[in-house]
């Protein structure tokens with residue numbers, strides 16, 4: 001599954017958006033290495049591997065909003081507020097084929113000394 005850009009997501013009707021959120025939750029459940037809650041504060045890195053067109057940075061961040069909300073809804077993170085998620089990074093890399101497209105989400109706990 002390739003994340004929808006913010007522009008595309010905003011054009012979808014509410015039923016399409018609801019189905020998309022459900023699909024994202026299913027993909028997260030199927031591919032998560034661990035189902036346990038990760039306690040904050042955390043650093044989150046989202047990396048999208050795309051085959052066709054890169055997203056501009058605003059659309060890239062918007063594309064991961066639905067994914068982040070589903071991570072919280074599934075209980076992997078307690079919340080997505082600034083106290084829990086202290087740093088977010090977005091990246092994208094070109095791949096040769098559409099079949100190689102994927103998303104990698106890395107969630108790393110931050111200890112108190114690193115946070116300061």
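The values are calculated or read from the model by the stated rules, or taken from the named source; none is laboratory data. These figures come from a predicted structure and were not determined experimentally. Note that we place each Cβ from the backbone using ideal geometry, even for glycine, and neighbour counts take in every protein chain shown.
A few notes on this one:
Condition check ((1) touching a helix residue (DSSP H, G or I) at 6+ places or on another chain (Cβ under 7 Å); (2) at pLDDT below 95; (3) assigned to a loop (DSSP other than H, G, I, E, B)) across all residues:
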site	(1), (2), (3)
66	yes, yes, no
69	no, yes, no
72	no, yes, no
75	no, yes, yes
80	yes, yes, yes
96	no, no, yes
99	no, yes, no
108	no, yes, no
113	no, yes, no
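- Residue list for segment 33-60, restricted to those being farther than 21 Å from residue 110 by Cα and under 13 Å from the mean Cα position of the chain (by Cα): 48, 49, 59, 60
- Scope segment 1-16; condition loosely packed, with under 14 Cβ neighbours inside 10 Å and either at pLDDT 85 or above or within 13 Å of the chain's Cα centre (by Cα) (or both); matching residues: 12, 13, 14, 15, 16
- Listed conditions (1) over 27 Å from residue 18 (Cβ atoms); (2) touching a strand residue (DSSP E or B) at 6+ places or on another chain (Cβ under 8 Å); (3) not in a loop (DSSP other than H, G, I, E, B) are all met by residue 61, apart from (1).
- Output for segment 1-16, where each listed residue is free of Cβ contacts under 8 Å to residues at least 60 places away in the same chain, assigned to a loop (DSSP other than H, G, I, E, B) and within 13 Å of residue 64 (Cα to Cα): 5
- Single match in 67, 107, 38, 88 (criterion: without any contact (Cβ under 8 Å) to a residue 60 or more places away in the chain, touching a strand residue (DSSP E or B) at 6+ places or on another chain (Cβ under 9 Å) and surrounded by 15 or more Cβ atoms within 10 Å (Cβ to Cβ)): 88
- Number of the condition not met by residue 77 [criteria: (1) touching a residue at least 24 places away in the same chain (Cβ under 8 Å); (2) over 11 Å from the mean Cα position of the chain (by Cα); (3) more than 12 Å from residue 105 (Cβ to Cβ)]: (3)
- On inspection, residue 21 qualifies as in contact (Cβ under 8 Å) with a residue 12 or more places away in the chain and assigned to a helix (DSSP H, G or I).
- Conditions (1) surrounded by 14 or more Cβ atoms within 10 Å (Cβ to Cβ); (2) assigned to a helix (DSSP H, G or I): number failed by residue 29: (1)
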